[in-house]
Structure formats: structure tokens, C-alpha cells
């Protein structure tokens, strides 16, 4: 860990001020040399408790700039203050600052500058309205590179939390309803825990529906030595080239997802979760638990039995990568993951999206015009000829963050390369000795469905307990009374 050299110095106010050795090697004051308490009004015109109920402050120092929080702490669900060193241990600071930093709603996070990624595991956001991120200028001036990196990570955490919050708000009822309906199918499903290391040291290609997939499929069609894991939206493109995947990954709770699965053979196993749409369970389902309260209940009742490949990225591609790693695949290539619109193309040919958008074609506004309008209006330019969207960049960064360093990972023909995967052409990947010299083995049969291990009646008995039911409903963020009544109906119907 980088040691931050600092000095606690007396000020004219009989309190300590803080001097640190900055990134450039010079010493800088984080607070005023003589009157540090003058900083107490810093947050007064910045922090906005009317609009936000969670606040993240980047830079703590000795906390003089936090003084205004004393008046508004009750308006927040959570306040997080982040710094790269704890300067407070022996500091003489005012009592009101002491009270703030020890308040139960205020969380102090001191992060190792050599391991900023630990913030992703440390920061768990709680909010209803929104999240405000505030910089402490003096901390940024002293350590511009470190705090800029922290801010980037925090922004990614905030974006993901806001996205998850919006998804939960929109789909809370659907997630809960799907989980209850799918419980009946659970005994016939296979637990993903049985897939641990099932494809150890076998090469694997994960297929997504991006435009670069078109070039990949022509080569993949002639090569049958890889485990192929397809996200649901890429399935039609594979079948259009007579390529049958070994696994499909599908986690969407909406019925529209089934449009991707129409061509799939009914014998192909689908990696899914309890909150996915019930139609997915008409395939041989390999179930993975996610963070939904019903899934957490199952984990408490049967710890480790079902298992999880939830990537926490909120994307089906993230879960596909996590499953490949969990199954022991190595090397792993990711194809069709462009996170952008290379050459102003939206999706690979023959995907469900491609067919769906063809229906919009008319002679007044042909498909090419609508396609280009969509790209220009929703995108920002990331390169000379590459457009992308904010949520695509978020998916890219979220996936990059979960990629391990102990597995050979490749990104095929990337428009926006992943930092933790080696960019490679499909021909070069298929020519790797680990791939070209490998003879594909038959997929091992999963031995036991969950009917041998779980008691579905026990689960329903627990869910019918009023206290437990209300706890799960509240945790699931289902707050509309009509939705709760419908869930009651589904539960008692089962």
C-alpha cells in the first residue's frame, strides 16, 4: 500500500489542520493552515437533501467541510465519506465534527490507493430518490489521479445502483410473480452448483448479438471443438448458420424474451434464474440463484445446494461469462460483444432484433434511415467511426470489472475492447493450440434434479407465514396493494 505522508499541525483556532505530501511530491494543505473551521459552510449550497436521499463525499481529510451535515443528516438514508487515508485517529477537531463522523448514518470508507476496486465490494447504496456525489476540491488537488479514479469507480457503482433501482421499481411485481410460478418447476430443474468445473480446461466461445458476430459465425460454423454458450438474443443468428449451442443463457423476466428462443431445440439446457419468465422453464433448466429475496430464502433453507452464477452486472452476457468461468472453461472467447454500433450497424444479421426492426421498413423512411437516426439520436461518438450509448458503456465497464486474471480471456474482433481480455481475430483464436488440438467431448449429463434434494411443500409453508411473506414483499420492493393481492393469489393458488 502507498503510505501517505502527512502532518497534523496546530492552527490559530487551537484545532489541528492537515498537511499532506501530494502526488507531485509537494506538500499541500487539505484545510486552511490558520482557520480550518472556515470551511464549515462548504456543503451548504451544494448538498441537496430535497432531491437526493443518499450522498457520497469524495475526500474527508479532518472533516471540517462536513460541518453542515449536522443540520441535514436526518433527511438522508445514507451518507458515505471516502478517503485514501485515515487522518482522524489522533486529530484534535471540534466536537460537532466528531459527532458527524460517528453518526450511525455516516459511513467512513478508507480505501487502499493500490486497490481501488475494493470499493465495488464495500459500497452498498441505499436510496429511494437519488444519489448525490460531491468532491472535496483540496483532496482532488492533492491527489488528482487517485481521486479521479475513485470518482470513476463511484460513478459506475452509482449508475449500476440507479439502473438496478429502476429495474426493481418497474419489474418488482413481475420478478416476484415469476419466482412464485417457477417454484413449482424447481424440483425438475438442475442446480448450477453441479456444473462447477464440468468443462475444466475446455475451450469456450460465448456468443452475443453484436454486429461483429456476422464475421465470426462463418468461421465458427466450420469448427466444432469449442463449448458454445449463447445469450438468448444471439440464438437465431447461430441457428441461421446451422450452429447449435451447448448452452443458452436467459434471465429476462418478460415474455418477449421467448421470441429469441423459438428456434431452439427443446433438449438444449438453459442457464436461468428463478425470476426469469416461466416459459423458459419449458427447456431443461439449470437454475442459478440471484439476489431476489425468494432466492435468498432458498439459499438459507438449502445452503450451497443450488449455487449461483449471478454476475451482478445486470446483463445476460455477464452471467454467461460467469457461468463459463464457473464451469472451468479455459480459454474463453467472447464474440459479438461490441458495446457499440461499429460501422453504424446495430445488431448482427438474423438475430431477433434484426428481424424485428425490418418490420419498420417503408418506402418513405427505409430501414437504413431509421437505423441511422436511432444511432445518432441515442449515441455519443467514441472513436472515428464508432458510436455507442451510455448504457452500453456501463455494460462494458461492469463486465470488465468481473473478468478474472487467472483465466485466458479473449475478445473477438472488438469495437470497444475489454481491458482484461486480449483482442483477437476469430481465425487466430481457433488456431490456438488449446483450441485447434482439442477434441470436443460430449457434455456430461447432470446427475440429479432438485427433486432429490428439496421439499417444495416446506418452501410454500414458509412463504405462507404472514410475517415471512410481508418481509419478502417489502424486500422485493412490491409496494402496490393490487400487486400484493395478486401475489397472494398466486401463492395460495400454488
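Within region 182-205, identify whether any single residue is out of contact with any helix residue (DSSP H, G or I) (no Cβ under 6 Å at 6 or more places or on another chain) and on the phi > 0 side of the Ramachandran plot, and answer yes or no.
Looking through region 182-205, at least one residue is out of contact with any helix residue (DSSP H, G or I) (no Cβ under 6 Å at 6 or more places or on another chain) and on the phi > 0 side of the Ramachandran plot.
Out of the helices (runs of 4 or more DSSP H) lying entirely within region 199-314, which hold 1 or more residues that are without any contact (Cβ under 8 Å) to a residue 24 or more places away in the chain, more than 26 Å from the chain's Cα centre (by Cα) and over 21 Å from residue 476 (Cβ atoms)? Don't jump to the end; show me each part of the working.
Values: elements: 213-220, 235-240, 258-261, 293-301.
Here the list reads 213-220.
Say whether the condition of being within 28 Å of residue 287 (Cα to Cα), surrounded by 15 or more Cβ atoms within 10 Å (Cβ to Cβ) and either in the same structural domain as residue 322 (by TED's automatic domain parsing) or modelled with pLDDT of 90 or more (or both) is met by at least one residue in region 473-483.
no
Which condition number does residue 120 fail, the rest of (1) farther than 23 Å from residue 254 by Cα; (2) assigned to a helix (DSSP H, G or I); (3) free of Cβ contacts under 8 Å to residues at least 40 places away in the same chain being met?
The one condition residue 120 does not meet is (3).
Results for (1) surrounded by 16 or more Cβ atoms within 10 Å (Cβ to Cβ); (2) closer than 18 Å to residue 391 by Cα; (3) modelled with pLDDT of 85 or more, shown as yes or no for each residue.
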{"position": "148", "(1), (2), (3)": "no, no, yes"}
{"position": "157", "(1), (2), (3)": "yes, yes, yes"}
{"position": "170", "(1), (2), (3)": "no, yes, no"}
{"position": "182", "(1), (2), (3)": "yes, no, yes"}
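Can you tell me which residue in region 241-256 is nearest to residue 172 (Cα to Cα), limited to those that are touching a helix residue (DSSP H, G or I) at 6+ places or on another chain (Cβ under 6 Å) and at pLDDT below 90?
Applying the filter and picking the extreme gives 253.
Each row is one residue, and each column tells you yes or no for (1) crowded, with 20+ Cβ neighbours inside 10 Å; (2) out of contact with any strand residue (DSSP E or B) (no Cβ under 7 Å at 6 or more places or on another chain).
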residue: 393; (1), (2): no, yes
residue: 398; (1), (2): yes, yes
residue: 407; (1), (2): no, no
residue: 411; (1), (2): yes, no
residue: 417; (1), (2): no, no
residue: 423; (1), (2): no, no
residue: 429; (1), (2): yes, no
residue: 439; (1), (2): no, yes
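Just the residues that are in contact with a strand residue (DSSP E or B) (Cβ under 6 Å, 6 or more places away or on another chain) and more than 24 Å from residue 20 (Cα to Cα), please, taken from region 132-155.
132
What about residue 25, is it surrounded by 13 or more Cβ atoms within 10 Å (Cβ to Cβ) and either touching a strand residue (DSSP E or B) at 6+ places or on another chain (Cβ under 6 Å) or farther than 30 Å from residue 158 by Cβ (or both)?
Spelling it out, it is not the case that residue 25 is surrounded by 13 or more Cβ atoms within 10 Å (Cβ to Cβ) and either touching a strand residue (DSSP E or B) at 6+ places or on another chain (Cβ under 6 Å) or farther than 30 Å from residue 158 by Cβ (or both).
Could you list, in sequence order, the residues of region 12-28 that are closer than 20 Å to residue 92 by Cβ and either touching a helix residue (DSSP H, G or I) at 6+ places or on another chain (Cβ under 7 Å) or in a loop (DSSP other than H, G, I, E, B) (or both)?
12, 13, 14, 15, 17, 20 - these are the residues of region 12-28 that are closer than 20 Å to residue 92 by Cβ and either touching a helix residue (DSSP H, G or I) at 6+ places or on another chain (Cβ under 7 Å) or in a loop (DSSP other than H, G, I, E, B) (or both).
Somewhere in region 446-458, is a residue at pLDDT 85 or above and under 30 Å from residue 126 (Cα atoms)?
There is no residue in region 446-458 that is at pLDDT 85 or above and under 30 Å from residue 126 (Cα atoms).
Does residue 25 satisfy the criteria of being assigned by TED's automatic domain parsing to the domain that holds residue 143 and free of Cβ contacts under 8 Å to residues at least 12 places away in the same chain?
Criteria met by residue 25.
Please pick out the residue among 85, 92 that is under 29 Å from the mean Cα position of the chain (by Cα) and not in a helix (DSSP H, G or I).
Details: 92 fails: under 29 Å from the mean Cα position of the chain (by Cα).
Just one listed residue meets the conditions, 85.
Would you point out which residue out of 217, 261, 235 is in the same structural domain as residue 394 (by TED's automatic domain parsing), buried (at least 24 other Cβ atoms within 10 Å of the Cβ) and more than 25 Å from residue 401 (Cβ to Cβ)?
On the way: 217 fails: buried (at least 24 other Cβ atoms within 10 Å of the Cβ); 261 fails: buried (at least 24 other Cβ atoms within 10 Å of the Cβ).
Among 217, 261, 235, only 235 is in the same structural domain as residue 394 (by TED's automatic domain parsing), buried (at least 24 other Cβ atoms within 10 Å of the Cβ) and more than 25 Å from residue 401 (Cβ to Cβ).
If residue 193 passes every condition in (1) farther than 30 Å from residue 440 by Cβ; (2) out of contact with any strand residue (DSSP E or B) (no Cβ under 8 Å at 6 or more places or on another chain) but one, which one does it miss?
(1)
For residue 158, indicate whether it is touching a residue at least 60 places away in the same chain (Cβ under 8 Å), within 25 Å of residue 396 (Cα to Cα), in contact with a strand residue (DSSP E or B) (Cβ under 7 Å, 6 or more places away or on another chain) and not in a helix (DSSP H, G or I).
On the way: touching a residue at least 60 places away in the same chain (Cβ under 8 Å): yes; within 25 Å of residue 396 (Cα to Cα): yes; in contact with a strand residue (DSSP E or B) (Cβ under 7 Å, 6 or more places away or on another chain): yes; not in a helix (DSSP H, G or I): no.
Judged against the criteria, residue 158 is not a match.
Taking residue 180 as the residue in question, decide whether it is part of a loop (DSSP other than H, G, I, E, B) and more than 30 Å from residue 10 (Cα to Cα).
no
So for region 359-380 (the condition being assigned to a loop (DSSP other than H, G, I, E, B), farther than 30 Å from residue 180 by Cα, modelled with pLDDT under 90 and in contact with a strand residue (DSSP E or B) (Cβ under 9 Å, 6 or more places away or on another chain)), does at least one residue qualify?
Start the filter on region 359-380 by keeping residues that are assigned to a loop (DSSP other than H, G, I, E, B), which leaves 359-366, 379.
Filter once more, keeping what is farther than 30 Å from residue 180 by Cα: 359-366, 379.
From what is left, the residues that are modelled with pLDDT under 90 are 359-366, 379.
Subsequent filtering for residues that are in contact with a strand residue (DSSP E or B) (Cβ under 9 Å, 6 or more places away or on another chain) retains 379.
The answer is yes, given that some residue of region 359-380 is assigned to a loop (DSSP other than H, G, I, E, B), farther than 30 Å from residue 180 by Cα, modelled with pLDDT under 90 and in contact with a strand residue (DSSP E or B) (Cβ under 9 Å, 6 or more places away or on another chain).
If you take just the helices (runs of 4 or more DSSP H) that sit entirely in region 382-445, which of them hold at least 1 residues that are modelled with pLDDT under 85 and in contact with a helix residue (DSSP H, G or I) (Cβ under 9 Å, 6 or more places away or on another chain)?
Because the criterion is at least 1 residues that are modelled with pLDDT under 85 and in contact with a helix residue (DSSP H, G or I) (Cβ under 9 Å, 6 or more places away or on another chain), the helices (runs of 4 or more DSSP H) in region 382-445 that meet it are 390-402.
The values are calculated or read from the model by the stated rules, or taken from the named source; none is laboratory data. Note that the coordinates shown come from a computational prediction; the quantities given were computed from them, not determined experimentally. Cβ coordinates were reconstructed from backbone atoms using ideal geometry, including for glycine residues, and neighbour counts include every protein chain displayed.
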